[in-house]
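Read the structure below first, then the notes.
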Amino acid sequence: MKRFLGLAVTASLALAFVGTADMAQASTVGVATVVTATAPVTRLSDFNRDGITDLVARDAAGKLWLYPGAGAGGFKARHQMGTGWSRLVSIVTPGDVTGDGNADVLGKDSAGGLWLYAGNGASGLTRARKIGIGWQTFTVTSAANMNGTGRPDLLGRDAAGVLWLYPLTGNAAFGTRIRIGGGWSGFTILGPGDVSGDRKADIEARDSGGSLWLYRGNGAGRFAARSLVAVGTGTMTALVTPGNWDRLSGNDIIMRNTAGQLLFYPGNNAGFIGARRQIGNGWQGFTFIG
């Protein structure tokens, strides 16, 4: 079973942050210090309508929990959203795909059914509605608004390693899919929103060697040449792109190491991430974080 968030890190691992977007100079390594203006909100998963992006997590018992963001890189008290979520082989938190202003959850079952759990704006979810079939061979993740239409989209990688953009419109209705490209097998793919500072949603992907790459979006479902963000992520057990988690300069990354610590890496709105800080303990038992 593939999980779109699956990664891994030791408690002592120190990631190396590349200080240049030029792959020919990838040997120049160090924490990025350039900070640009605050990024626009291009990745928001707000379940309680406070304007702050939140995290959702599934525990080993199949309970789904909401961890509301506090707006400064931490959490408010968690809230149980449901039980019985172990039946889903993957979960996605794309943001608001129904157009009502509330963040939603998508889930894929073992038969390939894709289900929408619409958010109610009060930290809960409404009854599930099937919005797709035939997804059993796809690895699915959120894409933020990659085609510039104003609604979060989905990314799906098929069994041949081809990556597709599935645009969403209306009340979680799919438009015509767009072929992004082949050769994506072995990557952990994430839709972080705009991390490069050009107001266009990007893709981040970790390869089998543990390098994290940025693929700058062009606003029409395509991307430019990749650049290296960080190395040494290969043993992280979860990697999450929550949006602008600390509400500062850029859209950020959260990682979990093998000790169950949540580590926060602030984005600088120029394609890089800064020095980490720990924001949680005891997360090793969760089978999904997003």
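The values are calculated or read from the model by the stated rules, or taken from the named source; none is laboratory data. In this text, all values refer to a predicted model and were calculated from it rather than measured experimentally. All Cβ positions, glycine included, derive from the backbone under ideal geometry; neighbour counts span all protein chains shown. We work out accessible area using only protein heavy atoms, side chains counted, and drop any ligands, DNA or RNA first. Shrake-Rupley method; radii C 1.70, N 1.55, O 1.52, S 1.80 Å.
General observations
- Our summary gives the range 144-290 a relative contact order of 15 percent, counting only alpha carbon pairs under 8 angstrom and 6 or more residues apart.
- The chain - Debye-derived log10 I(q)/I(0), Cα point model, q = 0.07, 0.15 Å⁻¹: -0.22, -1.13
- Legend: calculated FRET efficiency, Arg49 to Phe174, from the Cβ-Cβ distance at R0 = 30 Å, rounded to 0.05, equals 0.70.
- The heavy atoms of Thr188 present about 20 square angstrom of accessible area, all protein chains included, probe 1.4 Å.
- Whole-Hz Karplus values for the range 255-264 come out as 10, 10, 9, 5, 7, x, 7, 8, 10, 9 Hz, taken residue by residue from phi with 6.51 cos²θ - 1.76 cosθ + 1.60 and θ = phi - 60°; glycine and proline positions read x.
- Residues whose placed amide H lies under 5 Å from that of Ser90, excluding near-sequence neighbours: Lys108
- Förster-model FRET efficiency, 35 Å R0, Ala220 and Lys76, C-beta, rounded to 0.05: 0.40
- Gain on full stretching of the segment that runs from Ile133 to Arg87 - 0.36 nm per residue minus C-alpha separation: 15.0 nm
- Placing a pseudo-label 7 Å from each Cα along the Cα-to-Cβ vector at Ser185 and Ala61 gives an inter-label distance of 4.0 nm.
- Close Lys pairs in the chain, defined as Cα atoms under 21 Å apart and 8 or more places apart or on different chains, number 7.
- Calculated from backbone phi, Karplus (6.51, -1.76, 1.60) coupling profile of the range 274-285 in Hz, x at Gly/Pro: x, 4, 7, 9, 7, 10, x, 10, x, 9, 5, x
- Share of Cα-Cα pairs in the range 69-172 lying beyond 16 Å, as whole percent: 60
- Ranked order, Ile279, Ile273 - accessible area, probe 1.4 Å, largest first: Ile279, Ile273
- Counting heavy atoms of the protein chains alone, Arg226 has an accessible area of about 90 Å² for a 1.4 Å probe.
- Karplus (6.51, -1.76, 1.60) ³J(HN,Hα), θ = phi - 60°, over the range 218-231, in Hz, Gly and Pro reported as x: 9, x, 10, x, 10, 8, 8, 4, 6, 9, 7, 9, 7, 10
- Computed in the context of the full set of protein chains, the accessible area of the range 62-161 at 1.4 Å probe radius has 50% of its extent on carbon or sulfur.
- Per residue, in Å², the accessible surface of the chain once ligands and nucleic acids are set aside, probe 1.4 Å: 38
- Taking amide H as placed 1.01 Å from N in the peptide plane, the amide H of Ile253 sits under 5 Å from that of Tyr265, Gly267, each at least 5 places away or on another chain.
- Summarising the amide proton neighbourhood of Met236: residues at separation of 5 or more, or on other chains, whose placed amide H is nearer than 5 Å comprise Ala8, Val9.
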